[in-house]
Amino acid sequence: MHYLLKKPNPKKAGADFVSELIASKLLFGNSYILSALDSYPKEIYLLPALVTELVIEHNNLVAYFDLKLFVR
């Protein structure tokens with residue numbers, strides 16, 4: 001998994017990803033990372049905290065993330 005911190009995805013360098021992750025946590029109180037669940041993650045992405053809402057199942061587990069994006 002350490003390889004994901006060096007190159008989390010094709011469009012982001014590791015240091016940039018980590019600094020944006022920390023900034024999101026400090027500014028908005030949360031940071032959300034998207035990865036594949038079917039196998040070991042090959043890529044991870046930072047979801048924007050201001051428009052990300054957690055949808056919780058009845059057993060108190062996260063069912064999915066809902067992105068509240070504005071479309072014009």
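Look at Val51 and say whether it is surrounded by 10 or more Cβ atoms within 10 Å (Cβ to Cβ), β-branched (Val, Ile, Thr) and either under 17 Å from Leu21 (Cβ atoms) or in contact with a Ser or Thr (Cβ under 8 Å, 6 or more places away or on another chain) (or both). Yes, satisfied.
Quick grid of which residues meet (1) among the polar types (S, T, N, Q); (2) surrounded by fewer than 10 Cβ atoms within 10 Å (Cβ to Cβ); (3) not in a strand (DSSP E or B):
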{"position": "Asp16", "(1), (2), (3)": "no, no, yes"}
{"position": "Ala23", "(1), (2), (3)": "no, no, yes"}
{"position": "Leu26", "(1), (2), (3)": "no, yes, yes"}
{"position": "Leu37", "(1), (2), (3)": "no, yes, yes"}
{"position": "Val55", "(1), (2), (3)": "no, yes, no"}
{"position": "Asn60", "(1), (2), (3)": "yes, yes, yes"}
{"position": "Phe65", "(1), (2), (3)": "no, no, no"}
{"position": "Leu69", "(1), (2), (3)": "no, yes, yes"}
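Among residues of the range 36-57 that are over 20 Å from Lys6 (Cα atoms), those with a Cβ under 8 angstrom from a residue that is in a loop (DSSP other than H, G, I, E, B) and modelled with pLDDT of 85 or more, sequence gap 6+ or separate chain, pair up as Ala49/Gly29; Ala49/Asn30; Ala49/Ser31; Thr52/Asn30.
The values are calculated or read from the model by the stated rules, or taken from the named source; none is laboratory data. Quick caveat, the model's predicted, so the values are computed rather than measured. FYI the Cβ positions are ideal-geometry reconstructions off the backbone, even for glycines, and counts take in every protein chain you see.
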